[in-house]
Amino acid sequence: GFTDEPISVPDYLETEHIVDAFNQLLGRMKVINDSRQEFVSNVSHELKTPMTSIKVLADSLNQQPDVPVELYQEFMQDITEEIERENKIINDLLSLVKMDKTEGSMDISAVDINELLETTLKRLRPIARKRDIEVVLESLRPVTAEVDEVKISQIFTNLVENAIKYNKEHGWVKVLLDADHQFFTVEVSDSGIGIPEEDYEHIYERFYRVDKSHSREIGGTGLGLAITRNAILLHRGSIKVSSVEGQGTTFTVKIPLSYIK
Ligand code: ADP
């Protein structure tokens, strides 16, 4: 795996030490290169999947001389959904790449966090309502923080969207905002399907899904938590998860009130 520990170089350098340090460096470059290749191959695969479906649907319409109107409409609907999916993947990839461009991309201002959470929840409630999921916000105090508003909004959106997506019918999502003199914390809890403990360390990886077919079915790209984690790290914050399978999940995000460069 990747490590950023300093490469060990002894005080008295001898040829074999230099060769050794060089080999360690080469090993690390290989890890970086391999993970880049894996990413590119994942991207290609994810982008190809909707394209393949679109082609199959369009071909089968073209091959039938007299397509009944209902069938035509059904296929067109499916094609539209696949295009939307492709669009979502591309947008998520762009977000991720933008955030990889590090600190320079931070646009810091004083943001009213209570208000930002309220706006986020207002936007997502209609989606939750479709499955009779209740979304509540509990703000323990007013919080203003020096953050990048767009990125923080993306964090809230991704976590609450997931809490709705991986929930059960008639379930609930609870968002709790608190702060001390240094940090604000946002806790997003849900009554959903939960995450197995062995997956905790992987869910932030790009394209990782606990259940690939379920995630795809509900419109997931596997990029949401990678984007979320990047945005949090750019703010020098942290994220942790705890979950009980079949009962629900809690994500806790902790972010400094003032931006540390
Ligand atoms: P996706 O687009 O698939 O939702 P994410 O990166 O947002 O991708 O999440 C990665 C995976 O983590 C999801 O596919 C899902 O398996 C799991 N996951 C994320 N949030 C939750 C949650 N609140 N409850 C259960 N599983 C979750």
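Roughly speaking, what is the stretch gain from Ile7 to Arg123, that is 0.36 nm per residue apart minus the C-alpha to C-alpha distance, in nm to one decimal?
36.9 nm
Which value, in Å to one decimal place, does the Kirkwood hydrodynamic radius take for the stretch 1-156 when every pair of different Cα atoms is included?
Here the Kirkwood hydrodynamic radius works out to 21.6 Å.
Would you work out the charge dipole size for the chain about its Cα centre, treating the Cβ of every Lys and Arg as +1 and the Cβ of every Asp and Glu as -1, and quote it to the nearest 20 debye?
Rounded to the nearest 20 debye, it is 480 debye.
Sorted by mean Cβ packing within 10 Å, highest first, what order do the peptides 182-195, 13-26, 72-85, 199-212 take?
Details: 182-195: 19.8, 13-26: 11.1, 72-85: 14.1, 199-212: 15.9.
Result, highest mean first: 182-195, 199-212, 72-85, 13-26.
Taking every alpha carbon pair in the stretch 119-182, what does the distance histogram look like in 5 angstrom bins from 0, in percent?
Over the stretch 119-182, the share of Cα pairs per 5 Å bin runs 4, 16, 26, 24, 16, 9, 5, 1 percent.
Sort 145-155, 29-39 by the packing proxy (mean of other Cβ within 10 Å over each peptide's residues), most packed first.
By packing density, highest mean first, the sequence is 145-155, 29-39.
Roll a 1.4 angstrom probe over the protein heavy atoms and tell me the percent of accessible area of the chain that is carbon or sulfur.
Numbers: 8480 of 15870 Å².
Carbon with sulfur: 53 percent of the solvent-accessible area.
In percent, how large is the relative contact order of the stretch 69-169, given Cα pairs closer than 8 Å and 6 or more residues apart?
Relative contact order here is 31 percent.
Using only Cα atoms, figure out Rg for the chain and give it as a multiple of 2.2 N^0.38 Å.
Cα-based Rg divided by the globular estimate yields 1.23.
So what is the orientation-averaged projected area of the stretch 41-125, using the convex hull of its C-alpha atoms, in nm²?
9.0 nm²
Counting helices only, and only those DSSP H runs with n ≥ 4, report the 222 nm mean residue ellipticity of the chain as the sum of -39,500 (n - 2.57) divided by its residues, in deg cm²/dmol to the nearest 500.
-17500 deg cm²/dmol
Could you give the spread of the C-alpha atoms of the stretch 176-261 along their three principal axes, from largest to smallest, in whole angstroms?
Principal extents (Cα only, largest first): 42, 25, 22 Å.
What span do the alpha-carbon atoms of the stretch 115-261 cover on each of the three principal axes, reported in whole Å from largest to smallest?
Here the Cα extents, ordered largest to smallest, are 40, 29, 24 Å.
The values are calculated or read from the model by the stated rules, or taken from the named source; none is laboratory data. Remember, it's a predicted structure, so these values are computed and weren't measured experimentally. No Cβ is skipped: glycine too gets one built from the backbone with ideal geometry, and neighbour counts run over all protein chains shown. Quick note on the areas: whole protein, heavy atoms, side chains included, nothing else; ligands and nucleic acids left out. Shrake-Rupley method; radii C 1.70, N 1.55, O 1.52, S 1.80 Å.
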